[in-house]
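Nothing in this text is a laboratory measurement; each read-out follows from the coordinates by a stated rule. Please read all numbers here as calculations on a predicted model, not as lab measurements. Positions of Cβ are generated from backbone atoms using ideal geometry, with glycine treated the same way; all protein chains shown enter the neighbour counts.
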Amino acid sequence: MKTTAFLTPMALIMAMMVQDACAHGRLLVPPHRGYIGRLHQFKGIVPVNFGDHSLNAGGIGQTKGGKHGICGDKYSGKRLHETGGKFAKFPQHREKVIGACYAPGSTMDLQVQITANHKGYFEFGLCKLNSLNDSETEDCFKTLVQPNGEKDWQLPAGSKTFSMQYMLPDGVSCDGDSHCVLRWHYVGWNNPDADINGQEQYWNCADIYVSNTCGSSPSPSSSQSTPSTSQSTPSTSTPSTSKPAMTNDPKPTAPTSSADTPMTTYTPLSTSGAPQPVDPQCGKCTNCYFAVNNGCFLGWSKAQCDSHDAYRWCGRDDSDPSTPSSPQSTPSTNASYPSSSTDTPVTMDTPMTMDTPVTTDTLPSTSGAPQPVDPQCGGCTNCYFPLNNGCFLGWSKAQCDSHDAYKWC
């Protein structure tokens, strides 16, 4: 007798609830291997994983025994995000797939997007691979710490992009045929009665260089850093005075509170449908330029502009109002080493997209920003956003009119 399997309406609802119970998140800065192919400078080199926010190694059912893929793939499945896999192309393309370059001992500014918040905490680890075909192992990853010495970054409420800082050790460098893998590990905490293996977890791996020569072409097989007299790129942060060594300490069984929870910063607008900048340095902007969405913040000072790593000052030098600033006055990022901030537009295929009404929560902070010159258009002759005096230079009228808070000028 032939039978037909079907779901009752209640069973269907329950199945949907189970799926929605999953947290989702991904490492944006530096871009992890499943995400990096979305960025224009990596298109055609690395394929895009459109499920890159769901790398939970198959979920609790697969990980409860403590087994998981190194970079979030199923333990028993194909390791698509591990070196040599579909999305991990360093053996084939070397520096062309490096998401960011940092100086040894520097403090990294990192960004993680959470699209379904299930509490918990983040931790980060670093693994140095000495040759092109070396592969990550669990034992290779050394735990990194924040400037306050804490290993775990406690996740605040909200589904958005969070920013945090972690420190690199002084004595580690990797470039050329050697490179480092930065791994993000998210431990959710929706099941308070379970230990870490009873919680949903996520892993993302990003390919980075750690070198004193960020911004210059690396030697083909150099694995040791060489001091350089050139300026560092914007992705390189100033080292703090003391650097704890990386550790492999056991993970806590529950998240602990931290008095120094990092503040969240702005979330750049989605670049979906946004035109590419006319020029990668400044476009047509003569003030504070944000290349990701071709925005020119007209009334900002150089100090305000320089306070945001992703922005570039394209106006006059504050110290000499009569002299326009040179395009070389701010260190630029070499194509071989994409900046961890300026070259990583936050594109979103989740609720935080340009289809969502634009609010100041999804825009750069306007703290200290000048008032618009004119409430209608300021000095803008394109698409104007009065809240932070932004002029989006290359947008069409249709793009501008699609957002209520913007005005076509």
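Odds and ends about this structure:
- C-alpha center-to-center spacing [region 59-86, region 104-137] in angstrom: 16
- Of the peptides 29-36, 137-144, 282-289, the ranking by mean beta-carbon count within 10 Å, highest at the top, reads 29-36, 282-289, 137-144.
- Near G37: Cβ cut-off under 11 Å, other residues only, Lys/Arg at +1 and Asp/Glu at -1. The net charge is +4.
- Radius 15 Å from Cβ of V181, net charge of other residues (Lys, Arg +1; Asp, Glu -1): -4
- The H on the amide N of C288, modeled in the peptide plane, is under 5 Å from the matching H of F297, W300, C314, each at least 5 residues off or on a different chain.
- As a rough guide to protection, the peptides 84-94, 176-186 ranked by mean Cβ packing within 10 Å, highest first, stand as 176-186, 84-94.
- In this structure, the pairs whose alpha-carbon distance is over 31 Å, taken from K142/K302; K67/K160; K74/K142; K67/K89; K64/K86; K119/K397, are K142/K302; K119/K397.
- Gain in span if fully extended, K43 to N130, counting 0.36 nm per residue against the direct Cα distance: 28.7 nm
- Maximal additional length on extending the A194-F50 stretch stands at 48.8 nm, based on 0.36 nm per residue less the C-alpha distance.
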